[in-house]
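Have a look at the structure below before the remarks.
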Amino acid sequence: MGEILVLKKEKKSLIDAGKVELANQVEHVSQTQGDGLGYDIKSFYPNGSLKYIEVKTTWGHGNLPFFLSQNEMKFSKENKNQYVLVRVYDLPRNGHVPGKFYEIKGDLSQQLDISPQTYVARFDKGAKK
């Protein structure tokens, strides 16, 4: 639901800026290309430069912790000039009110308190049993 709200907001913002052709190119990539790209929405700034948007949504308040994948963190570092995390919160369960949001631009590792929560484990054939 949060991604849809941000998608609509992005298109409206570009249309309001007189950039209808850019608004028509905004893409919900997590739906069209899959959820592993490191962002959810490909959009544009009014000057035509790319904008990569990751959306994190919660029903509760904006200070609740949220999860980031290693891929999302890496993508934010590699594309820090074009990367925006949009945090949608206080989203009503009925979806009638747009909720609230804030944005974090750039390399997320430089702006958030990050702590590991999951690990990838593999059997090491050389390890003692």
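All of the numbers you see were taken from the coordinates with simple rules; none came from a lab. Note that the structure is predicted; figures quoted are calculated from it, not measured. Neighbour counts are summed over all protein chains in view; Cβ atoms, including those assigned to glycine, are modelled from backbone coordinates with ideal geometry.
Whole-Hz Karplus values for segment 37-53 come out as 7, x, 7, 9, 9, 9, 10, 9, 7, x, 7, x, 6, 5, 9, 9, 10 Hz, taken residue by residue from phi with 6.51 cos²θ - 1.76 cosθ + 1.60 and θ = phi - 60°; glycine and proline positions read x. A straight Cα-to-Cα reach below 15 Å connects Lys56 with the aspartates and glutamates Glu3, Asp35, Asp40, Glu72, Asp90, Glu103, residues fewer than 8 places away in its own chain not being considered.
Specify the longest stretch of the chain that does not include any exposed loop site, a site being one of the chymotrypsin sites (Phe, Trp or Tyr not before Pro) with a non-H, G, I, E, B DSSP assignment and at most 10 other Cβ atoms within 10 Å.
On the way: sites that count: Phe67, Tyr119, Phe123.
No qualifying site falls inside 1-66, the longest such stretch.
The charge dipole of the chain, taken about its Cα centre with unit charges on the Cβ of Lys, Arg, Asp and Glu (plus for the first two, minus for the last two), comes to roughly 340 debye. For Tyr83, the residues whose amide H sits under 5 Å from its own are Tyr52, Gly106, ignoring neighbours fewer than 5 places away on the same chain, with H placed 1.01 Å from N.
Take every Cα pair under 8 Å whose residues are at least 6 apart in sequence, average their separation, divide by the length of segment 2-110, and the relative contact order is 22 percent. Computed over segment 8-81, the P(r) curve from all C-alpha pair distances, binned at 5 Å from the origin, holds 3, 15, 22, 19, 21, 13, 6, 0 percent per bin. Over all other residues within a Cβ to Cβ distance under 11 Å of Asp35, the charged ones net out to -4, with Lys and Arg as +1 and Asp and Glu as -1. The structure shown yields semi-axes √(5λ) of the Cα gyration tensor in Å, and of the options (i) 29, 15, 12; (ii) 30, 19, 14; (iii) 40, 17, 14 that calculated value carries the label (ii). Considering only alpha-carbon pairs that sit under 8 angstrom and 6 or more positions apart, the relative contact order computed for segment 48-111 is 38 percent.
Among the listed pairs Lys12/Lys100; Lys19/Lys42; Lys9/Lys77; Lys74/Lys105; Lys8/Lys77; Lys11/Lys51, those whose Cα-Cα separation exceeds 20 Å are Lys9/Lys77; Lys8/Lys77.
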